[in-house]
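**Student:** Starting off with a structure, shown below.
Derivation of every value follows stated rules applied to the coordinates shown; laboratory data play no part. As the structure is a computational prediction, the values presented were derived from the model and not from experiment. Quick reminder, even Gly has a Cβ in these numbers, built from the backbone with ideal geometry, and neighbours come from all protein chains shown.
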Amino acid sequence: MHKALLTVAALALMPATAAFSAPQPLDTGAIDRVVADALKTTQVPSASVAVVQGGRIVFAKAYGEQGPGKPAVADARYPIASISKQITATAILMLADEGKLSLDDAVGKYVPGLTSGDHVTIRQILSHTSGYRDFWPQDFSFADMAHPVKPDAILARWGKAPLDFPPGSQWQYSNTGFVIAGRIIETVSGQPLMQFLSQRIFTPLGMTSAVDADFGMTTADAAPHERYALGPVRVATPAAPGWLFGAGQLAMTASDLARWDIGMMDHKLLSQAGYAAQQTSVKLSSGEDSHYGLGIDVLQWGSHRILEHGGEAVGFLSDNVIAPDDGVAVVVLDNADFGDAQSVIAKKVMALVLPDAKPDAQAAGGLARATSVFDMLRAGRLDRTLFTTNGNFYFTPTAIADYKASLAPLGAPQSIVQTGNGLRGGFTAEQYRVTYPHRTLRIVLRAEPGAGGRIEQFTVYPAG
């Protein structure tokens, strides 16, 4: 899963041989305070943080508990979820550099039977402009995810469904597109995806901890956690194997993700043209800027070019923010799929490293439905006719009880304001900020478009 932040940038890449300016002294005590405050506010159990300055890792530290009674350690793995997309995209670009495929090839050339497979291009699946509907727009594990799946089964269900829009005409985040990308890598290279990534990317960059999150994690690594509203924090049950594949299957340490970032800064894997293709925002057919390259957000924070992506798996959140021209990156991995600790920590630590790098705010919209459902949940009620099958699946008796027990004592909020709106997997993608005198919450709402559209997701999280 992914959270797009902010506004865009478009821009020339620095040459691979550029020397970075001398880094500012790093205030490690300030980082400790930022992380401690975010974990306390959100009750996220742990976070692992790495900082790159001057093109090298200068800080790596873990905080909190990575499992019940287990202090967090910096060499523990966390799933990076959708941050994996930039790695999948790079694998495609490596094959393009070798002349084995073109970004403008139709996806049907390599994966037959897909809807509009003769018209959708590889560039469009990597930039979320293909029209393929996202198979996992929810921020929770839906019922089918309790069962193992193969990539081709995902594509048979979602890759052969009608497109949500004509290819190239809109931007809509789609995990489905990156499952297609993973299958293209396997078809063209003749290798399983993880074997290709290990041999061609992880080994050259020294990323010794990188594994398939479904099979490679152990009890020495971080454990997933979940929460209903402000209820008890519980160890979560991961989705069954196979659901993430090329869209988000990787796990690693924060330091190894930082090594990936350094590889991007130093242009270690791709040609100059390959990195330019990945890091240039794709334009829609209308000429509108998508603010997204190939597997990564392309942003501008003040005068700084920023490459950013977040990730979400069951029980985990992550954020990776890179200022490639400055030789700076901040990696934050945490072991909870609630709250916003990962993005709060990433932004605040980046502000310590690059004080003039300021992300822009999102635009606001309407909020009547969100307010109504929030009030229902505070009272421990739920009008199930308002929800889809998956929405009702999420609201178990335990979930409803936790929502009431944790929200009712807060009373009526001072305000509820919409902070984001978009489209995801055929559903709206709405975010709201709920303000109380001494705390702030965040609502994520996804619903069928149009008047009377049923709600696919309504989740409440503590906000940092």
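**Student:** How do 82-92, 30-40 rank on mean C-beta neighbours within 10 Å, highest first?
**Tutor:** Going from most to least packed, we get 82-92, 30-40.
**Student:** Leaving out same-chain residues fewer than 8 places away, which lysines sit with a Cα under 20 Å from that of residue 160?
**Tutor:** Candidates past the 8-residue exclusion: 109, 150.
**Student:** Oh, and also: Based on alpha-carbon centroids, what's the gap between the stretch 71-107 and the stretch 354-433 in Å, whole number please?
**Tutor:** 32
**Student:** So, counting K/R as plus one and D/E as minus one, what does the shell of residues with Cβ under 13 Å around residue 273 add up to?
**Tutor:** The answer is -2.
**Student:** Among residues other than residue 154 whose Cβ falls under 12 Å from its Cβ, what is the net charge (Lys/Arg +1, Asp/Glu -1)?
**Tutor:** Around residue 154, the charge tally is +2.
**Student:** Right, next: Peptides 155-161, 225-231: what's the order by average Cβ count within 10 Å, highest mean first?
**Tutor:** Ranking, from highest mean packing down: 225-231, 155-161.
**Student:** For Cα pairs less than 8 Å apart in space and 6+ apart in sequence, what is the mean separation divided by the residue count of the chain, i.e. the relative contact order in percent?
**Tutor:** Worked out over the chain, it gives 22 percent.
**Student:** Given +1 on the Cβ of Lys and Arg, -1 on the Cβ of Asp and Glu, and no further charges, what dipole in debye does the stretch 368-462 carry about its Cα centre, rounded to the nearest 20?
**Tutor:** 120
**Student:** OK, next. If packing is taken as the average number of other Cβ atoms within 10 Å across a peptide's residues, how do 50-56, 311-317, 264-270 rank, most packed first?
**Tutor:** Going by the mean number of other Cβ atoms within 10 Å, highest first, we get 311-317, 50-56, 264-270.
**Student:** A follow-up question, please. Please state the charge dipole magnitude for the stretch 1-360, taken about the Cα centre, from unit charges on C-beta atoms (+1 on K and R, -1 on D and E), reported in debye and rounded to the nearest 20.
**Tutor:** 240
**Student:** Mind putting a number on the dipole of the stretch 149-288 about its Cα centre? Charges go on the C-beta only, +1 for Lys and Arg and -1 for Asp and Glu, and I need it in Debye to the nearest 20.
**Tutor:** So the dipole magnitude of the stretch 149-288 works out to roughly 180 debye.
**Student:** Which aspartates and glutamates does residue 100 reach when only Cα atoms under 15 Å apart count, and residues fewer than 8 places away in its own chain are ignored?
**Tutor:** Once the sequence-local aspartates and glutamates are set aside, what remains near residue 100 is 186.
**Student:** Charges on Cβ only, +1 for Lys and Arg, -1 for Asp and Glu, centred on the Cα centroid of the chain; of 224, 441, 371, which one is farthest towards the dipole's positive end?
**Tutor:** So the residue furthest toward the plus end is 371.
**Student:** Would you work out which of 89, 168, 185 lies farthest towards the positive end of the dipole of the chain, given +1 charges on the beta-carbon of Lys and Arg and -1 on that of Asp and Glu, about the Cα centre?
**Tutor:** Toward the positive end, the furthest listed residue is 168.
**Student:** By the scheme Lys and Arg +1, Asp and Glu -1, what is the net charge of all other residues having a beta-carbon under 10 Å from that of residue 23?
**Tutor:** Net charge around residue 23: 0.
**Student:** Go through 70/268; 85/348; 40/85 and tell me which ones have a Cα-Cα distance over 26 Å in this structure.
**Tutor:** In this structure, 70/268; 40/85 lie more than 26 Å apart at Cα.
**Student:** Which residue, 115, 332, 310, has the largest displacement toward the positive end of the dipole of the stretch 1-360 when charges sit on each Cβ (Lys, Arg +1; Asp, Glu -1)?
**Tutor:** Positive-most Cα among the choices belongs to 115.
**Student:** Does the stretch 368-462 come out rounded, prolate or oblate, given a ≥ b ≥ c as the square roots of the eigenvalues of its C-alpha gyration tensor, rounded meaning a/c under 1.5 and, failing that, prolate meaning a/b above b/c?
**Tutor:** oblate
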